[in-house]
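Inspection log for the structure reproduced underneath, given as structure tokens.
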Amino acid sequence: MFNSPNVQQIQSCLDAYMMRVGKIEISDIEANHELERAGVMIDDLVYPGEPLRAFLRKLRDSNLLPKNIRQQNSVWAIKHSKLNAKMQMIFKQYL
């Protein structure tokens, strides 16, 4: 299906994509499409996003899923990985 890329490589690729298109959160299908375009992970033509979902399930099951990736009602959402840190810095100045 795919040769298991490392999580940091996926994060940096998706963060760069989100910065380029001006988004702070993307779906698993959009993320897998961008990862294929960047040559990080091959997407499935019949079930778009399935390779990334399988990878995220493995991370979730081994309790290694990054905090910026969540699954809600069978839908995966991926936020920009640096967003939480930036928001904490912004709010810290008002405390």
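What the table below lists for this structure:
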| read-out | value |
| --- | --- |
| When residues of the range 11-28 are limited to those that are under 13 Å from LYS79 (Cβ atoms) and of a type in the set (A, V, I, L, M, F, W, C), the one farthest from the chain's Cα centre (by Cα) | MET19 |
| Restricting the range 15-53 to residues that are β-branched (Val, Ile, Thr) and in a helix (DSSP H, G or I), the residue that is nearest to ARG70 (Cα to Cα) | ILE29 |
| Residue list for the range 37-64, filter: buried (at least 17 other Cβ atoms within 10 Å of the Cβ) and closer than 16 Å to SER81 by Cβ | VAL40, LEU52, PHE55, LEU56 |
| Those residues of the range 17-36 which are closer than 18 Å to ASN6 by Cβ and open to solvent by 60 Å² or more (accessible area, probe 1.4 Å), in sequence order | GLU36 |
| Residue under evaluation GLY39, criteria (1) in contact (Cβ under 8 Å) with a residue 12 or more places away in the chain; (2) closer than 16 Å to ASN6 by Cβ; (3) not basic (Lys, Arg), criterion not met | (1) |
| Pairs with Cβ under 6 Å, 6+ apart, first in the range 54-69 and closer than 14 Å to ILE10 by Cα, second assigned to a helix (DSSP H, G or I) and not acidic (Asp, Glu) | LEU65/LEU59 |
| Test for GLU30: is it touching a Lys or Arg at 6+ places or on another chain (Cβ under 7 Å) and either within 17 Å of HIS80 (Cα to Cα) or among the aliphatic types (A, V, I, L, M) (or both) | no |
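The values are calculated or read from the model by the stated rules, or taken from the named source; none is laboratory data. Only a predicted model underlies this, so the values are computations on that prediction, with no experimental measurement involved. Ideal geometry is used to build each Cβ from the backbone, glycine not excepted, and the neighbour counts take in all protein chains shown. Ligands, DNA and RNA are stripped out before the accessible areas are found, and what is left, the full protein with its side chains, is counted by its heavy atoms. Shrake-Rupley method; radii C 1.70, N 1.55, O 1.52, S 1.80 Å.
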